[in-house]
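The values are calculated or read from the model by the stated rules, or taken from the named source; none is laboratory data. Given the structure is predicted, the values throughout are model-derived calculations rather than measurements. Cβ placement follows ideal geometry from the backbone for every residue including glycine, while neighbour counts extend to all protein chains displayed.
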Amino acid sequence: MVEVRGAHYRYPGVPALNGIDVDLNEGEFCALVGQNGSGKTTLAKHLNGLLKPDAGSVTVFGHDTRRASVGELAREVGYVFQNPDHQIFSANVRNELAFGPRNLGLSNGDVRARTDEALCAFGLEAYADLPPATLGFGLRRLVSVAAVYAMRPRLFVLDEPTAELDWRSAHDLLDRFRALHEQGHTVLLISHDMELVAEYAQRVLLMRDGRIVADAPPATFFSQRELLADAHLTPPQVMRLAQRLGDTGIPTETLTVDAFVATYLALLKQRRHNAG
Amino acid sequence: MLAIEICDLAYRYPAWRHDGQAPYALHDINLSVEAGEFVALMGHTGAGKSTLCMAINGLVPQATGGAIHGSVRVLGQDVRRVPVAQLARQVGFVFQDPESQLFSSTVVQEIAFGPENLGLPAAEIKTRVDWALELMDLVGLRDRGPTQLSGGEKQRVALAAALAMQPEVLVLDEPTSGLDPRGTAEVFAALERIRAEREMTVILATQEAEQVAQFAQRVVVLSEGAIVLDAPPAQAFAQTNLLEQAGVAPPQVSLVAAALNAQLGLELSFYQIDAAERALRALLADPRG
Amino acid sequence: MLASLYIPADSWLHRMDARVKMLLVTCGLALVFSTGNVWVMITIVITEQAVLLSAGVSGSRVRGVWQVIWVTVALVFVLWVLCYPSEGPALLSWWRLHISWAGLARGAVVAVRLAAVAFLLFAWLFTTSETNLILSLQWLGLPYTWCLTLAMGLRYVPTMGELFRMTEEAQQARGLDLSRLGPLARARAYAPITVAMLISALRTATNLAHALDARALGATTHRTSLQRLQIRPADVLWAAGALTVTAVLLVLRFGLGWGAAPIRLRG
C-alpha cells in the first residue's frame, strides 16, 4: 500500500512534482506513462526514499519516506533502474545477486538460498560464474532484475525495463512479472511501450508537468484520444484499428491482437449467419 | 554499382579470456544492397544487428579487433583495408546512445565537426551546417549545448552531424530505442525528410515494426548471427511464425492477418493500418467472399 | 554538480578572445604566486568573484565552486599552521606548537591561494567555449588531438558526475545504506559504486571512440575550422592593460618588496 498525499518536489530550479495524490493498492499491476520530463522517474524515486518530498507525504507500507532511510525501504520496494550498467559491478553473476540480500543483513545460508532462487527464476544458472559486465545487454538486464528480485520486495518499481529489448525478451520479462504479480507482488511499470502497457497493466497513470492527469484501466485510458494526443502517446496499433472499425461493431476498447481477432471472428460469423 | 556487397561474412569479437574464444557474432552473411535502397535490419537483442551495422563502416573489424572472414565492400571499397575515417566520407553512422556520440559544446559545432575533419573550407562547412540544421528542424537550437537537449533532439543532431558529411550510405543503429514516443516520432519524421531530399542508401536497425512497414523497401531479419529473412515488408511481415522464432514483432495488423488467415483459410496480406482497415471492412461487407 | 563547465552567455569575458583570456589567466597566476600577503590574496579572490558574477555566471555556480574547494582550502590552512613554525610573538605556544598572527596569515595565504588559482581556472573554463579553448591551445602549438582530448575530458566531467550520482542511487536502492555508516565504512562501501561507474565510463569511452572515427577524425592531416579566433581592438587593450598592470605589480613586489610579508603590505 502506497499513499502519496500532496507531494511536491523541485530539482534545483526545476519543479518536478506539482501536487501528486495517488494510492497504489497492494497486488496491483500499474503502469506509469508520460513524456520524458513529466515526472515519472521523480515520482518513482519517491517510492523508495531516494527522493523525499519538499511538501506533502509519501507513505510506503506504513513507513513515512521522510523518516525512513533508503536502506530500510529497500526491503519493501525493489527499484529496477533503466540502465542495468548503473548497478553491475561484481566479478560474477552470483555475487551480483547476493549483494542485495547481504545488504539486508541476511545469514550466509539465506543469502545463498535467495541467490539460487533468483538464478533459477530468471534462467541465469548457466551464467552464475561469469562476470556480468561481459554479458550481452539482454542478459545484463536480466541480471539487474534478478538482483532486485533476490531482495524479495513487496513492490517492484520497473523503470523502462524493456527499453532496447526485443519483443520476445520484453514479453518474457513481463510474463515473469505477471507471474510474480499473481503471487501477490505489486508492480509499478514505467514504460513508453503502449502495446506492453495495454497487455499487462490493470491500471494506467498518465503524468504531465508533474501532475497525474489520468488514472484509469487501459481500455478506458486508450479511448481518451485527445488526452493521448496531447501527451504524444498513441494507442497500440490494434486498438487504433478497432477504433477505426468501431462503426462495424468492433468494440473500440480492444487492447490486444488476440482480443481483436476473437471479436472480429465473432462479428464475421454473425454477418455470415445474417447473410446466409 | 552495388552500394553494399557482403559475401560470406563471418565475424567474432576478441575473447575475454586468452584461452577462450568468443562465439561468432555473425556468420554466413550474404547481403547486397543497391544504391538508394532503404533496408530495415531487425532481430532479437544480441542477434548481431549492431555488429553488422559496424561492419558497414569498418568499425568492425578495425576498431573492435577480433577475427573476420569473407568480404564487405561498400561503394567498391574493402572495409577491412580502408581506414574508418576515410570510409566515413561516404558512410554516415548514427549510434544508439546519444550521450556518447555528442561531444561538442554547441549543436553547430557538433555538426561542423565532420566537415572540419574532411578539411573543407570554412564557407563550405557553413553551407553544409545550415543545410543540415534546416533539414533536421534544428535551426532554433543551433547554439544550445548537447546536455540541454531532449532525446529526440539529440538524435536529430547526431543525424545532422552525419548528414553534414554528405554520405552516400547512412547507417542507423537503433536510433530510437532509448527515446520516448515523441522523440521516436521526431526521428522518423526527420528520416522521411532525408528521403525526400536526397537519394541515399539507408540501413536502419530497429525494433519499430510500424515505422519499418512505412519506410522500408526491404526487411532483413537477423537471428543468432545469421540472416533468416530478406524480403520486402509485405512478404517479410507475413511470415509471423519465423519472425516470432527470431524474436521480432511484426506490426500488430500483420499478426491479425496471420491469425485470420489461419482460422479462415484466407490470404490476407496487409501490414499497414490503412490497408488493414480496407481489407477488414471489405470482408465484413461480403462475408462469403 | 556543475551541469556543464562552459556557461553560454554574452558577457564581456565571453566575448574576449580566448588567447587574450589565456594571457590574463597567466598574468593572474603570476600575481597569485608572487604575493605572500594575506590582504592582497583575499582582495584577489574577491575580485575574481566580482569578475565571475559580472560575466554572467550565477551566484549558485560560484557557490558550487566553493562547495567543491572549501574542504581542501580549510584543510591546507589548518595543516600549514600546525606544521610550519611561525615567526613573531606567539598567540599560542604549547609543546612544539607555536602559532602567531604571522603564522596564521601565512597559512591563510597558502590556503586562499588555492581558491585564487581555482577561480582563475574556472573563470577561464566557464566563459570559454570548447571550440575556442581548442583553437587557442592549437594556436599555442598543441596538436589538435591533445586539445580535443582536453576539451572532451572537460565536457564529460559533468556527465561522469551525473553517472556517479545515478550509480550511487542504484546501489542504495539495493540496500546499500550509506547514511548508517561511519566515515571509514562509508569509504569502503563506495567500492561497488566506483566499480560500476568505471565500467560504464569505459563503455562510454569505447562508444565515443567509435563515434569519432565515424565522423572522419584523422581523415586528413590538415583539418579546418568553422570558427576562427578574431582579435578585436578591445582585446588588444585588455592584453596591453593586463601586461602593464602585471609588470607594475611584479616590480612593486620584487623591486620594492610590497606584498611580500604576510600581514604588512609594505616591506
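Count of the range A:31-76 residues, restricted to those that are more than 11 Å from chain C (Cβ to nearest Cβ), under 29 Å from B:Ala185 (Cβ atoms) and surrounded by 20 or more Cβ atoms within 10 Å (Cβ to Cβ), is 10. If I filter the range C:195-203 for residues that are more than 19 Å from A:Val70 (Cβ to Cβ) and touching a residue at least 24 places away in the same chain (Cβ under 8 Å), do I get at least one hit? Within the range C:195-203, one or more residues are more than 19 Å from A:Val70 (Cβ to Cβ) and touching a residue at least 24 places away in the same chain (Cβ under 8 Å). When restricted to residues that are out of contact with any Phe, Trp or Tyr (no Cβ under 8 Å at 6 or more places or on another chain), in a helix (DSSP H, G or I) and either of a type in the set (S, T, N, Q) or more than 9 Å from chain B (Cβ to nearest Cβ) (or both), the range A:229-261 contains 8.
Residues checked against (1) among the β-branched types (Val, Ile, Thr); (2) closer than 30 Å to B:Asn57 by Cα; (3) outside the structural domain of C:Val32 (by TED's automatic domain parsing):
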| position | (1), (2), (3) |
| --- | --- |
| C:Glu162 | no, no, yes |
| C:Asp177 | no, no, yes |
| C:Leu181 | no, no, yes |
| C:His210 | no, yes, yes |
| C:Thr224 | yes, yes, yes |
| C:Ala240 | no, no, no |
| C:Val245 | yes, no, no |
| C:Arg264 | no, no, yes |
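Counting only residues that are in contact with a Leu (Cβ under 6 Å, 6 or more places away or on another chain) and assigned to a helix (DSSP H, G or I), the range C:35-63 holds 1 of them. For the range B:59-76, the tally of residues that are more than 9 Å from chain C (Cβ to nearest Cβ) and out of contact with any strand residue (DSSP E or B) (no Cβ under 9 Å at 6 or more places or on another chain) stands at 1. Scanning the range B:78-97 for residues that are touching a residue at least 40 places away in the same chain (Cβ under 8 Å) and outside any strand (DSSP E or B) gives B:Ala88, B:Arg89, B:Gln90, B:Phe95, B:Gln96, B:Asp97.
Of the residues making up the range A:77-117, those that are of a type outside the set (S, T, N, Q), in contact (Cβ under 8 Å) with a residue 24 or more places away in the chain, surrounded by fewer than 21 Cβ atoms within 10 Å (Cβ to Cβ) and within 13 Å of another protein chain (Cβ to nearest Cβ) number 2. Within the range A:133-177, the set of residues being among the basic types (Lys, Arg) and surrounded by 23 or more Cβ atoms within 10 Å (Cβ to Cβ) comprises just one member, A:Arg141. Residue pairs whose Cβ atoms lie under 6 Å apart, sitting 6 or more positions apart in sequence or on different chains, and linking a residue in the range B:268-289 that is free of Cβ contacts under 8 Å to residues at least 40 places away in the same chain and over 25 Å from B:Gln217 (Cβ atoms) to a partner that is charged (D, E, K, R) and part of a helix (DSSP H, G or I), are B:Leu284/A:Arg271; B:Pro287/A:Arg271; B:Pro287/A:Arg272. Put simply, of C:Ala247, C:Ala187 the only residue that is away from every other protein chain (no Cβ under 13 Å), under 25 Å from the mean Cα position of the chain (by Cα) and outside any loop (DSSP other than H, G, I, E, B) is C:Ala247.
Per the conditions (1) surrounded by 21 or more Cβ atoms within 10 Å (Cβ to Cβ); (2) touching a residue at least 24 places away in the same chain (Cβ under 8 Å), the sole criterion not satisfied by B:Ser71 is (1). The residues listed here are C:Ser11, C:Ser60, C:Ser34; of these, the one that is away from every other protein chain (no Cβ under 14 Å) and over 27 Å from C:Arg264 (Cα atoms) is C:Ser11. For the range A:186-193, does any single residue satisfy the condition of being in contact with an Asp or Glu (Cβ under 6 Å, 6 or more places away or on another chain), without any contact (Cβ under 8 Å) to a residue 60 or more places away in the chain and assigned by TED's automatic domain parsing to the domain that holds A:Tyr9? No: the range A:186-193 contains no residue that is in contact with an Asp or Glu (Cβ under 6 Å, 6 or more places away or on another chain), without any contact (Cβ under 8 Å) to a residue 60 or more places away in the chain and assigned by TED's automatic domain parsing to the domain that holds A:Tyr9. Does at least one position in the range C:84-104 carry a residue that is touching a residue at least 24 places away in the same chain (Cβ under 8 Å), under 27 Å from C:Ala9 (Cα atoms) and in a helix (DSSP H, G or I)? No, every residue in the range C:84-104 fails to be touching a residue at least 24 places away in the same chain (Cβ under 8 Å), under 27 Å from C:Ala9 (Cα atoms) and in a helix (DSSP H, G or I).
Of all residues in the range A:13-27, none are more than 26 Å from A:Arg208 (Cα to Cα), outside any strand (DSSP E or B) and small (Gly, Ala, Ser). Can you confirm whether the range B:177-192 contains a residue that is among the acidic types (Asp, Glu), in contact with a Gly (Cβ under 6 Å, 6 or more places away or on another chain) and either more than 9 Å from every other protein chain (Cβ to nearest Cβ) or under 25 Å from A:Ser191 (Cα atoms) (or both)? The answer is yes; a qualifying residue exists. State yes or no: is A:Phe137 in contact with a strand residue (DSSP E or B) (Cβ under 7 Å, 6 or more places away or on another chain), within 30 Å of A:Ala91 (Cβ to Cβ) and not aliphatic (A, V, I, L, M)? Considered against the rule, which asks whether it is in contact with a strand residue (DSSP E or B) (Cβ under 7 Å, 6 or more places away or on another chain), within 30 Å of A:Ala91 (Cβ to Cβ) and not aliphatic (A, V, I, L, M), A:Phe137 comes out as no. Residues that are in a helix (DSSP H, G or I), within 10 Å of A:Arg94 (Cβ to Cβ) and not charged (D, E, K, R) within the range A:112-131 comprise A:Thr115, A:Ala118, A:Leu119, A:Tyr127, listed in sequence order. Quick one: in the range B:189-222, of everything that is among the small types (Gly, Ala, Ser) and surrounded by fewer than 20 Cβ atoms within 10 Å (Cβ to Cβ), which residue is modelled with the lowest pLDDT? So the residue we want is B:Ala196.
Only one of the numbered conditions (1) within 12 Å of chain C (Cβ to nearest Cβ); (2) touching a Gly at 6+ places or on another chain (Cβ under 6 Å); (3) not polar (S, T, N, Q) is violated by B:Gly152, and that is (1). Within the range C:208-225, one or more residues are under 30 Å from B:Val91 (Cα atoms), exposed (fewer than 14 other Cβ atoms within 10 Å of the Cβ), within 12 Å of chain B (Cβ to nearest Cβ) and not charged (D, E, K, R).
Criterion applied to C:Ala173, C:Ala151 was being in contact with a strand residue (DSSP E or B) (Cβ under 8 Å, 6 or more places away or on another chain) and buried (at least 20 other Cβ atoms within 10 Å of the Cβ), and the one residue passing it is C:Ala173.
Residues in the range B:120-132 include none that are buried (at least 22 other Cβ atoms within 10 Å of the Cβ), facing chain C (nearest Cβ under 7 Å) and over 18 Å from C:Ser225 (Cα atoms). Look through the range C:83-140, keep the residues that are crowded, with 17+ Cβ neighbours inside 10 Å and among the hydroxyl-bearing types (Ser, Thr, Tyr), and return whichever of them is nearest to C:Ala260 (Cα to Cα). Within the range C:83-140, the match that is nearest to C:Ala260 (Cα to Cα) is C:Ser86.
Got at least one residue in the range B:145-163 being among the basic types (Lys, Arg) and surrounded by 22 or more Cβ atoms within 10 Å (Cβ to Cβ)? Yes, some residue in the range B:145-163 is among the basic types (Lys, Arg) and surrounded by 22 or more Cβ atoms within 10 Å (Cβ to Cβ). Note on the range B:86-96: residues that are facing chain C (nearest Cβ under 7 Å), closer than 26 Å to B:Val187 by Cβ and surrounded by fewer than 24 Cβ atoms within 10 Å (Cβ to Cβ) total 1.
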